[in-house]
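The values are calculated or read from the model by the stated rules, or taken from the named source; none is laboratory data. Nothing here was measured: the structure is a model prediction, and the numbers come from that model. Using ideal geometry, Cβ is built from the backbone for each residue, glycine included, and neighbour counts are taken over all protein chains shown.
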Amino acid sequence: MKKPQRTTIALVAALGSHFTPLLAQNAPVVIEAETGTSVPATSANATVGDWAKRTTTAPVVTYMTTLTDVSGYTSPTSPGGGVGGVAPATDARVLTYTVTFPGPGTYDLYARMRVGPGGANDDSYFYAKTFGTKSATTGADWITANGLATVGYGAGSGSVPVDGAGGAATGVWKWVNMSKYSGYGAAGTTFTVAAGALTQTFQIGAREDGLDFDKFVFGQTGLYFSVAQLDAGTQGSATAPVTFVPTGPALATGKSKYLGCEYDANEAVNFDKYWNAVTPGNAGKWGSVEGTRGTFNWADLDKAYAQAVAVNGVFRMHNLIWGAQQPTWIKGLPDTTQLREIKKWYAAVATHFQGKRLDHIDVVNEPINTPPTGVTTIGVPGTPAGTAVADGGGYLNALGGAGTTGYDWIVTAFQLARQYFPSSKLMLNEYSVENSATRAATYAAIINLLKSKGLIDGVGIQGHAFSTAGVPAATITANLATLAATGVPLYVTEYDSDALDANGNSSDAVQLAEYQRVFPLFWENPNVKGVTLWGAHVGHWRTAQGAYLINADNTERPALTWLRTYVQNATLAAKAAAAATAGVFLYPNPASGGCVALSLPASLGQQPVELALFNALGQAVLHQTLPASGETMRSLPLLGVAKGLYTMRLSTSAGTFSQRLTID
């Protein structure tokens, strides 16, 4: 066996005047991960290629990674019955470090790591419970650190102390206080150094491939270390820093359109100080609610709804039908069974929210790019077209497949939604329609199909950075015009702008410039009724691209400071059609006695008005043109029209207006 390499950290004689109060404290001990040693690959029971040293560029990071999952391990939640579930299993999977401490005391262990693209399949390892050489096959010697994909502190953490929480995502270098981290029930531990034993052996063990280690730091327990201090190996603070607290109010207060945000636990802090509309992130997706057939988990969705109530804002249910994050159990069931389960899903949502406001519902999410077929049709960065989606539902045919319209499955999904959610605005939602004239035209065709049946009330345009970065403003504006020509209101539903500079570093200036270039294209468009950001805090889904607006210490990045001022001062043009139809209403509603009165503003009474009445299935049951007469009140006969819920659509030269009508 090779002799373990020794890492020695000595106290610096002149610490500087600002460290004077800390002279009695032990300096942090920094260990570069690549200095660890293991048994030779030719020794007994070794697995070739367990550990590899690699180097990245821009910036340069030399790190250690393991290339295979440990034997006996099967998944993050089902570790299997072998030794590999609780210990490294072979000496070749153990890295050993010899560490000399500056003084006796108790230390917390910090690790700088990066979780690979496998997320939950790349985010666990072992570290020894105490100092000393451990048995690779004895589970009692090791702590299993699992579930690291969604914790940690990286760029943007500011002065926030690194502990066992945080919201850093996969694909980014981040710090975790392993002594305070207790993922999957395995409590972390501190390390004690005695006065007569300042040199100690420290070991880690490989568990899953795809988890990279840059360095470790032993920092004195009781001190607070920021990311910057750990990066530099400098001493922590004796007192916890104070985090920034915004004063509010919400950015779009008093404006004619809302500015909302995706909601989850990561976004809950100070939500009401910024946003006045709510969309649940993952909590409303079928796979999140009914992961186990017949068992419904509403807890996180209810939290999102409660936030919408608290800010008195729009709540958008996201989503009912999608080709991802659907229950895995539905795939492969017979079509008739799948349709029955879809109806049960709709009914469960309707029952759970009975008497509550579901203002908007994303009935079908990503119908072009990710239909419920089990594969993607158009790629995004990291997910090429044709990628299999294990949780994609695979139930497109159960909803009618392409059918005679080419989109019968979408029509069916909306017909069911109109039946189960008669008071909600029904929406489509899609990405990369703002950067492609071809996709925008396809999307418009689907919208017009649903509009012809009175089934759609809103059009979602996601607005992600991967769809807008580098795309000329004229292109985005032209594609918005294509969608606006349908006459259905537009909503930007998942906005973000990245911040990476040419070297791959998160840059405030880059993000600010992109916000100033792109956001006004949506906000000032009179056809766009509201904008929702897809996360704002460090930890949201594009943290690796620097797309967050709020640092981990709650301080605001320049793009957010600009956004507040811009939203409050931007002049919003009124949509002509909306202004012209502001005085249109039906009376009485519910209607009875075979007729209803239609009230029109004087401007519409001077021109022909085409009207159509659609039932819940999108079938036209009444169609007529009212001639120009100057009258502002018209009587509409409804003889022969069955009781039920209908959509009345009026089309004029100023635009299209829709209103629900109940006939008793």
Query raised in the report: Residue check: is Ala252 over 30 Å from Ala573 (Cα atoms), among the small types (Gly, Ala, Ser) and modelled with pLDDT of 95 or more?
Result: no
Report summary line: Of (1) in the same structural domain as Gln415 (by TED's automatic domain parsing); (2) in contact with a Phe, Trp or Tyr (Cβ under 8 Å, 6 or more places away or on another chain); (3) hydroxyl-bearing (Ser, Thr, Tyr), Thr337 satisfies every one except (2)
Query - Close pairs (8 angstrom Cβ cut-off, 6 or more residues apart or separate chains): of a type in the set (A, V, I, L, M) in region 568-595, modelled with pLDDT of 75 or more and part of a helix (DSSP H, G or I) anywhere - result: Ala570/Pro520; Ala570/Trp523; Leu572/Trp523
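For (1) among the aliphatic types (A, V, I, L, M); (2) buried (at least 21 other Cβ atoms within 10 Å of the Cβ), each residue gets a yes or a no:
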position: Val488; (1), (2): yes, yes
position: Thr493; (1), (2): no, yes
position: Asp496; (1), (2): no, yes
position: Leu500; (1), (2): yes, no
position: Asn503; (1), (2): no, no
Query raised in the report: Before we move on, is Ala509 farther than 21 Å from Trp275 by Cβ, surrounded by fewer than 18 Cβ atoms within 10 Å (Cβ to Cβ) and without any contact (Cβ under 8 Å) to a residue 12 or more places away in the chain?
Result: no
Query raised in the report: Say we look at region 127-141 and pick out the residues that are hydrophobic (A, V, I, L, M, F, W, C) and at pLDDT 95 or above; which of these is nearest to Gly105 (Cα to Cα)?
Result: Phe131
Query raised in the report: Residues in region 534-546: is at least one modelled with pLDDT of 95 or more and either surrounded by fewer than 19 Cβ atoms within 10 Å (Cβ to Cβ) or of a type in the set (A, V, I, L, M, F, W, C) (or both)?
Result: yes
**Report entry** Pick from region 141-161, criterion under 24 Å from the mean Cα position of the chain (by Cα) and among the polar types (S, T, N, Q), ranking: nearest to Val538 (Cα to Cα)
**Finding:** Ser157
Query raised in the report: Just a yes or no: is a residue in region 375-382 farther than 18 Å from Lys285 by Cα, without any contact (Cβ under 8 Å) to a residue 60 or more places away in the chain, small (Gly, Ala, Ser) and in a loop (DSSP other than H, G, I, E, B)?
Result: yes
Query raised in the report: Looking only at residues in region 547-566 that are more than 19 Å from the chain's Cα centre (by Cα) and buried (at least 21 other Cβ atoms within 10 Å of the Cβ), which one is nearest to Glu514 (Cα to Cα)?
Result: Ala559
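For every residue, the table says whether it meets (1) outside any loop (DSSP other than H, G, I, E, B); (2) touching a residue at least 24 places away in the same chain (Cβ under 8 Å); (3) buried (at least 22 other Cβ atoms within 10 Å of the Cβ); (4) not assigned by TED's automatic domain parsing to the domain that holds Asn554.
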{"position": "Val162", "(1), (2), (3), (4)": "no, yes, yes, yes"}
{"position": "Val172", "(1), (2), (3), (4)": "no, yes, no, yes"}
{"position": "Trp175", "(1), (2), (3), (4)": "yes, yes, yes, yes"}
{"position": "Thr201", "(1), (2), (3), (4)": "yes, yes, no, yes"}
{"position": "Ile204", "(1), (2), (3), (4)": "yes, yes, yes, yes"}
Query raised in the report: Can you find even one residue in region 352-361 that is crowded, with 20+ Cβ neighbours inside 10 Å, in contact with a strand residue (DSSP E or B) (Cβ under 6 Å, 6 or more places away or on another chain) and farther than 20 Å from Phe296 by Cβ?
Result: yes
Report summary line: Cβ pairs under 7 Å, 6+ apart or interchain, first in region 245-258 and closer than 28 Å to Val160 by Cβ, second assigned to a loop (DSSP other than H, G, I, E, B) and modelled with pLDDT under 95, ordered by first then second residue, are Val245/Asn554
Report summary line: Reported set for region 111-126 where residues are hydrophobic (A, V, I, L, M, F, W, C) and either in a strand (DSSP E or B) or free of Cβ contacts under 8 Å to residues at least 40 places away in the same chain (or both) is Ala111, Met113, Val115, Phe126
**Report entry** Single condition Trp345 does not satisfy, out of (1) without any contact (Cβ under 8 Å) to a residue 24 or more places away in the chain; (2) outside any loop (DSSP other than H, G, I, E, B); (3) under 30 Å from Ala308 (Cα atoms)
**Finding:** (1)
Report summary line: The number of residues in region 456-472 that are touching a residue at least 60 places away in the same chain (Cβ under 8 Å) and among the hydroxyl-bearing types (Ser, Thr, Tyr) is 0
Query raised in the report: Is it the case that region 279-296 has a residue that's without any contact (Cβ under 8 Å) to a residue 40 or more places away in the chain, hydrophobic (A, V, I, L, M, F, W, C) and within 21 Å of Gly400 (Cα to Cα)?
Result: no
Query raised in the report: Can you pull out the residues in region 226-249 that are modelled with pLDDT under 90 and either among the aliphatic types (A, V, I, L, M) or in the same structural domain as Pro489 (by TED's automatic domain parsing) (or both)?
Result: Ala240, Val242
Query raised in the report: Regarding Ala168, is this residue over 28 Å from Ala194 (Cα atoms), among the aliphatic types (A, V, I, L, M) and surrounded by fewer than 22 Cβ atoms within 10 Å (Cβ to Cβ)?
Result: no
Query raised in the report: If you check every pair at least six apart or on different chains, which have Cβ atoms under 8 Å apart with a residue in region 436-455 that is closer than 18 Å to Phe466 by Cα first and a residue that is buried (at least 17 other Cβ atoms within 10 Å of the Cβ) and among the small types (Gly, Ala, Ser) second?
Result: Arg439/Ser432
Query - Residue count for region 205-237, restricted to those that are closer than 12 Å to Asn26 by Cα and touching a helix residue (DSSP H, G or I) at 6+ places or on another chain (Cβ under 7 Å) - result: 2
Query raised in the report: If a residue has to be closer than 20 Å to Gln462 by Cβ and of a type in the set (Val, Ile, Thr) to count, how many in region 338-368 make the cut?
Result: 4
Query raised in the report: Would you pick out the residues in region 568-589 that are touching a helix residue (DSSP H, G or I) at 6+ places or on another chain (Cβ under 7 Å) and at pLDDT 85 or above?
Result: Ala570
